[in-house]
Amino acid sequence: MNLPLPKYSLRELATECFRELLSEKHLYQSTRFDAQKKAELEKEIRDGAESRHTIPGRIERLKDEILRTWNPVPDAPTSTSTNTITSFVAPRIQTYCHKCGDRMAFVCRETSRTEHECASAQTFMLVYECQGACHGTKVCFLVKRDGEKLTLVGRDRMETVEIPKTIPKTHAQYFRDASFAFNSGQVLPAIFLLRTFIEQFWRANPAVAAVIKTKEKPTGEELGAAYKTTLLDGFKSMYPVLTGEYDRLSEAMHTANADAEIFNSCREQIEAHFEALAALHKVAKIPR
């Protein structure tokens, strides 16, 4: 009996895992098979079985297939359509290109793999090439596999975190480093760096410097109060002014509270502050 191919093949699920990992995840983050699509695949196998007695064997063969050695190969046309993940084309991805200065399309040009204690424990090296104007900048990814779980364990060049263009360039590196630390699971250092960004931004403001020039060691509270005097009353009533975010980050830092929600909410408020500030400067033509 000739059975129709399932809507989703194991190869497609594995390819999607790699695409999501390399395009959207950060160092030490992981991805797995799409649970819904995997369930649909199992359902189609059940529906297409000759009888209910053959279903357990087919499902077991599916599980065995997942645990086999995976072999992603460089980007090239493929005509095979069998339901296997023994060999599949490494997906095209979107990631940041340092030369192009933006997220670009990348294709895989080289692959290698190492098997460990069993076939389903592997490490892959995948070399990707930018398809943008730079004509060939390469990024190398190191991926660890454990069954159907993939983890990004290394990359060269190091990831560049994209941040809003409204973040002041003079101190943007603190903001970028904070986001990078957070993406890598280092929440407490990320909180410290985000707080440092606010404080250094305040210190560099000429109006703030004029207010606190008589103080030898101004506190964060004094810096924040001085900065608030530089903002219009209407702005202060409608948008974040950074003092609340500074206080929350300070408390988390001093109590060693690595709370991801504190970081995320403070980062969002900081971004909202500078977006509103940029819009105000644009409308009122106030020099920044």
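Name the one entry in PRO164, PRO91 that is in contact with an Asp or Glu (Cβ under 9 Å, 6 or more places away or on another chain), outside the structural domain of ALA190 (by TED's automatic domain parsing), over 23 Å from LYS63 (Cα atoms) and part of a loop (DSSP other than H, G, I, E, B).
Details: PRO91 fails: over 23 Å from LYS63 (Cα atoms).
Every option except PRO164 fails the conditions.
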Practice problem: Name the one entry in SER179, SER184 that is at pLDDT below 90, not assigned by TED's automatic domain parsing to the domain that holds THR31 and not β-branched (Val, Ile, Thr). | Solution: SER184
Quiz item: Here is a list of conditions, (1) aromatic (Phe, Trp, Tyr); (2) out of contact with any Ser or Thr (no Cβ under 6 Å at 6 or more places or on another chain); (3) over 22 Å from ARG19 (Cα atoms), and PHE124 meets all of them except one; can you say which number that is?
Solution: (3)
Quiz item: If you go through segment 89-131, how many residues are of a type in the set (D, E, K, R) and free of Cβ contacts under 8 Å to residues at least 24 places away in the same chain?
Solution: 2
Quiz item: Taking segment 243-280, which residues are among the acidic types (Asp, Glu) and either under 15 Å from ALA181 (Cα atoms) or surrounded by fewer than 17 Cβ atoms within 10 Å (Cβ to Cβ) (or both)?
Solution: ASP247, GLU251, ASP259, GLU261, GLU268, GLU271, GLU275
Quiz item: Are there any helices (runs of 4 or more DSSP H) wholly within segment 225-288 with 3 or more residues that are among the charged types (D, E, K, R), and if so which?
Solution: 243-254, 260-284
Quiz item: Among LEU22, LEU67, which is the only one that is modelled with pLDDT of 60 or more, aliphatic (A, V, I, L, M), assigned by TED's automatic domain parsing to the domain that holds HIS116 and touching a Ser or Thr at 6+ places or on another chain (Cβ under 6 Å)?
Solution: LEU67
Quiz item: Could you count how many residues in segment 222-252 are closer than 15 Å to SER265 by Cβ and either among the small types (Gly, Ala, Ser) or not assigned by TED's automatic domain parsing to the domain that holds ASN205 (or both)?
Solution: 3
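The values are calculated or read from the model by the stated rules, or taken from the named source; none is laboratory data. Computed from a predicted model, the values in this text were never measured in an experiment. Note that we place each Cβ from the backbone using ideal geometry, even for glycine, and neighbour counts take in every protein chain shown.
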